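A quick write-up on the structure given underneath.
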Amino acid sequence: MSSSKRLKNLRTGLLFTSPVLLGYAIFILIPLIVTFVLSFTEYTIGGPMKFIGLTNFNDMFSGKDMFFYPAVKATFYYVFFSVPLMIVFSFAIAVLLNQNIIARGFFRGVFYLPVVIPLASAGIVWMWMLQPDFGVVNYLLDKVGLPTSPWLASDKTVIPTLVLFGLWNCGSTIVIFLAGLQAIPAQLYEAIEIDGGNAWRKLLHITIPMSSPIIFFNAVMGFINAFQTFVQPAVMTSGSSGSGAATMGGPDNASLLYVLYLFQNAFRFSKMGAASANAVILFLVTLLFTFLIFKFSKSFVHYEGDGKTS
């Protein structure tokens with residue numbers, strides 16, 4: 001191919017990809033660079049910008065920022081409680097919905113329905129339903145003789161309650177698992193039936209290994225999304241103190257997830273430099289966890305035709 005032909009192809013390629021490249025630069029690359037630069041400054045909206053080096057990071061790790069460690073603790077508690085539970089629950093429901101059960105289409109719709117409801121609206125409804133004094137959930141539990149719970153009103157139960165709300169809204173993950181299950185060749189199940197395998201052996205030796213790439217994908221996306229959780233605690237656990245001042249992540253900062261803490265620094269305390277440093281730490285932690293999951297995925301993810309045996 002002549003050089004003029006290659007140059008023409010390059011121009012054509014750049015022309016067709018320019019909208020995507022331009023959007024990536026404007027909405028991702030430039031904000032990323034600006035955030036990194038702001039993390040080394042003391043800056044408030046409308047005020048002068050002052051370079052302060054690593055002070056924002058020192059304030060976080062030294063404990064001078066009193067909200068940093070509670071936010072880290074709440075976030076790790078939420079992430080490592082919610083993601084494994086969400087994967088197991090979604091996979092189990094997808095396996096059940098992949099069977100020839102009565103009204104299968106209806107149940108698939110029921111589990112996916114919460115996804116189409118705006119998260120903020122659903123959060124407000126659930127917040128009222130979970131009111132410890134007059135909420136319908138405690139009322140029904142009391143009627144059937146089961147113990148009630150303070151749900152969002154206690155620092156002991158607020159994170160488990162947010163995790164339960166996440167399980168109610170995991171229809172997208174179930175659909176992805178369901179698509180993966182339907183792509184498993186039926187011949188594999190027929191072969192294990194000939195060998196006398198029961199349902200448990202089918203699940204253990206065919207369904208789970210053949211679904212491992214989907215489990216891996218949902219785990220990666222689950223960890224990334226969990227680290228960035230914002231709407232649920234912002235809607236369901238924020239309120240006002242006795243003095244009338246707005247509070248976020250209550251009670252007693254038990255649900256102050258990291259992005260909520262970042263938002264608080266940026267738009268409540270107007271500390272854009274500190275909020276940018278928070279964002280840099282979140283980016284690095286998310287990157288580290290994604291790298292670790294990819295690194296260890298080779299030992300448990302089975303790809304058809306890669307020569308591994310389950």
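Could you list, in sequence order, all residues of region 62-77 that are under 20 Å from Ile159 (Cβ atoms), part of a helix (DSSP H, G or I) and out of contact with any helix residue (DSSP H, G or I) (no Cβ under 6 Å at 6 or more places or on another chain)?
Of everything in region 62-77, those that are under 20 Å from Ile159 (Cβ atoms), part of a helix (DSSP H, G or I) and out of contact with any helix residue (DSSP H, G or I) (no Cβ under 6 Å at 6 or more places or on another chain) turn out to be Tyr69, Pro70, Val72, Lys73, Ala74, Phe76.
Residues considered: Ser90, Ser149. Of these, the only one that is at pLDDT 95 or above and either within 18 Å of Ser238 (Cβ to Cβ) or of a type in the set (S, T, N, Q) (or both) is Ser90.
All of (1) without any contact (Cβ under 8 Å) to a residue 12 or more places away in the chain; (2) closer than 17 Å to Pro114 by Cα hold for Thr161 with one exception: (1). Report yes if some residue within region 89-104 is open to solvent by less than 60 Å² (accessible area, probe 1.4 Å), hydrophobic (A, V, I, L, M, F, W, C), touching a helix residue (DSSP H, G or I) at 6+ places or on another chain (Cβ under 6 Å) and over 22 Å from Ala226 (Cβ atoms); otherwise report no. For region 89-104, residues open to solvent by less than 60 Å² (accessible area, probe 1.4 Å), hydrophobic (A, V, I, L, M, F, W, C), touching a helix residue (DSSP H, G or I) at 6+ places or on another chain (Cβ under 6 Å) and over 22 Å from Ala226 (Cβ atoms): present. If the condition is being open to solvent by 40 Å² or more (accessible area, probe 1.4 Å) and of a type in the set (S, T, N, Q), then region 52-63 contributes Thr55, Asn58, Ser62. If you go through region 37-58 one residue at a time, do you hit one that is closer than 30 Å to Gly166 by Cα and among the β-branched types (Val, Ile, Thr)? Looking for residues that are closer than 30 Å to Gly166 by Cα and among the β-branched types (Val, Ile, Thr), one finds none in region 37-58, hence no.
When the residues of region 114-161 are filtered to those that are within 25 Å of Val79 (Cβ to Cβ) and among the aromatic types (Phe, Trp, Tyr), the one that is least open to solvent (accessible area, probe 1.4 Å) is Trp151. Taken over region 162-217, residues that are out of contact with any Ser or Thr (no Cβ under 8 Å at 6 or more places or on another chain), open to solvent by less than 20 Å² (accessible area, probe 1.4 Å) and either among the β-branched types (Val, Ile, Thr) or not in a helix (DSSP H, G or I) (or both) amount to 2. Exactly one residue out of Met49, Met66 is over 30 Å from Val175 (Cβ atoms), surrounded by fewer than 19 Cβ atoms within 10 Å (Cβ to Cβ) and touching a strand residue (DSSP E or B) at 6+ places or on another chain (Cβ under 7 Å), and it is Met49.
When the helices (runs of 4 or more DSSP H) confined to region 96-150 are screened for residues that are of a type in the set (Asp, Glu), those reaching at least 1 such residues are found at 136-143.
Quick grid of which residues meet (1) open to solvent by 40 Å² or more (accessible area, probe 1.4 Å); (2) closer than 18 Å to Thr75 by Cα; (3) at pLDDT 85 or above; (4) in a helix (DSSP H, G or I):
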| site | (1), (2), (3), (4) |
| --- | --- |
| Gly242 | yes, no, no, no |
| Asn253 | yes, yes, yes, no |
| Leu256 | no, yes, yes, no |
| Val259 | no, yes, yes, yes |
| Phe263 | yes, yes, yes, yes |
| Asn278 | no, yes, yes, yes |
| Ile281 | no, yes, yes, yes |
| Leu284 | yes, yes, yes, yes |
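The set of residues in region 87-115 being β-branched (Val, Ile, Thr), touching a residue at least 40 places away in the same chain (Cβ under 8 Å) and over 21 Å from Val163 (Cα atoms) consists of Val95 alone.
The values are calculated or read from the model by the stated rules, or taken from the named source; none is laboratory data. This structure is a prediction, so every number in the text was calculated from the model and none was measured. Note that we place each Cβ from the backbone using ideal geometry, even for glycine, and neighbour counts take in every protein chain shown. Side chains included, ligands, DNA and RNA excluded: accessible areas come from the protein's heavy atoms. Shrake-Rupley method; radii C 1.70, N 1.55, O 1.52, S 1.80 Å.
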